[in-house]
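Written out below as structure tokens is the structure these notes cover.
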Amino acid sequence: QVQLVESGGGLVQPGGSLRLSCAASGSIFSFYAMGWYRQAPGKQRELVAAITSGGSTNYGDSVKGRFTISRGNYKNTVYLQMNSLKPEDTAVYYCRAEGTDYWGQGTQVTVSS
């Protein structure tokens, strides 16, 4: 059974940084692109960033230049480095094996002074 487990969320002041991690069981990373999504209260879940098995990336417009997605050396972990955080980045962040129903449980990110 595939499991995705996110970690690294928390409370940070505006302008600060956080790094989220998504650890996967099994070898799914070898086959799937991986994505980070977020959902703020009262809003739809949106794609933040995605990375293919070959390392190609794409980002949502609101995070371009501030967030960076990457894969671990053994490709069983995906990271989301978030810099210059803004209050509007506050949301629950989820990782997903793209094109599947495999989602993590989410990690809360709160940006507030």
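The values are calculated or read from the model by the stated rules, or taken from the named source; none is laboratory data. Here the structure is a predicted model, which is why all the values come from computation and not from measurement. FYI the Cβ positions are ideal-geometry reconstructions off the backbone, even for glycines, and counts take in every protein chain you see. All accessible areas refer to the heavy atoms of the entire protein, side chains included, with ligands and DNA or RNA removed. Shrake-Rupley method; radii C 1.70, N 1.55, O 1.52, S 1.80 Å.
Counting only heavy atoms of the protein chains and using a 1.4 Å probe, K86 has close to 80 Å² of accessible surface.
If you take the alpha carbon atoms of the chain and fit the smallest convex hull around them, that volume is 93 Å³ per residue. Rg and Dmax over the alpha-carbon atoms of the range 36-95 stand at 11.7, 37 Å. Of the GluC sites (Glu not before Pro) found in the range 46-113, those in coil by DSSP whose Cβ has at most 16 other Cβ atoms within 10 Å are E98.
Distance between the C-alpha centers of the range 74-112 and the range 3-50? Whole Å please. Using only Cα atoms, the two centres lie 2 Å from each other. With one equal scatterer per alpha carbon and no solvent term, the Debye-computed log10 I(q)/I(0) for the range 14-61 at 0.18, 0.28 1/Å reads -0.73, -1.16.
State, as an integer percentage, the relative contact order of the chain based on alpha-carbon contacts under 8 Å between residues 6 or more apart.
Numbers: 279 pairs, mean separation 41.7, N = 113.
Here the relative contact order equals 37 percent.
Do any chymotrypsin sites (Phe, Trp or Tyr not before Pro) in the range 21-113 lie in a loop, going by DSSP, with at most 12 other beta-carbon atoms within 10 Å of their beta carbon, and if so which? Sites meeting the loop and neighbour criteria: F31, Y74. Taking a point 7 Å out from the Cα of V5 in the direction of its Cβ, the residues of the range 40-82 whose backbone N falls within less than 16 Å of it are 76-79.
For the chain, modelled as a GNM whose springs connect Cα atoms under 10 angstrom apart, the maximal fluctuation among Q81, Q44, Q13 occurs at Q44.
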